[in-house]
Amino acid sequence: MKKIIKQCKNPECKDDIIDYKSSKRIYCNDSCRNRAGYLKRLVENKEFDLVKKHTKLNYQALEKCIEKSAFEVDFKTLNILGFDINYLTNPKLYKIDNEVTSVYSIKEIQFYYNKTKEIITIIKQ
Ligand SMILES: [Zn+2]
């Protein structure tokens, strides 16, 4: 029976793996496996750093709003302040005005947003 030719999963190699004993084999050799693992971790760390960086910026933007006693702020204003809605994580569900709402928190600041009105509401402490 002819074996299927597989491609090395190391993104920098992608050579054909013609001769393999186990069907589970996905790299040509150990150095390809190590390299692929290293590259994968590099990407994961970058994403993690990016989320961390933007969470900090989001927090600073919300802090500025609170300083100005602005508890309902539109997306545009927040964008100018450096807020990025794409980096919000782990919402908790609450019932607010009879509607189930995703409430986000960064440190002590809690807030939720209305996508249709494009407004972020900061919950007063
Ligand atoms: Zn390889």
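The values are calculated or read from the model by the stated rules, or taken from the named source; none is laboratory data. Quick caveat: nothing in here was measured; it's all calculated off a predicted structure. Using ideal geometry, Cβ is built from the backbone for each residue, glycine included, and neighbour counts are taken over all protein chains shown.
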Might you check whether a residue that is away from the ligand (no atom under 16 Å from the Cβ), assigned to a loop (DSSP other than H, G, I, E, B) and surrounded by fewer than 11 Cβ atoms within 10 Å (Cβ to Cβ) occurs anywhere in the stretch 4-11?
-> yes
All positions within the stretch 16-75 that are more than 16 Å from Ile122 (Cα to Cα) and aromatic (Phe, Trp, Tyr) | Tyr20, Tyr27, Tyr38, Phe48
Return the total of residues in the stretch 61-115 being of a type in the set (D, E, K, R) and under 25 Å from Glu47 (Cβ atoms).
-> 5
Close pairs from the stretch 1-20: first at pLDDT below 85, partner away from the ligand (no atom under 12 Å from the Cβ) and of a type in the set (Lys, Arg), Cβ under 8 Å, at least 6 apart = Ile18/Lys3; Tyr20/Lys3
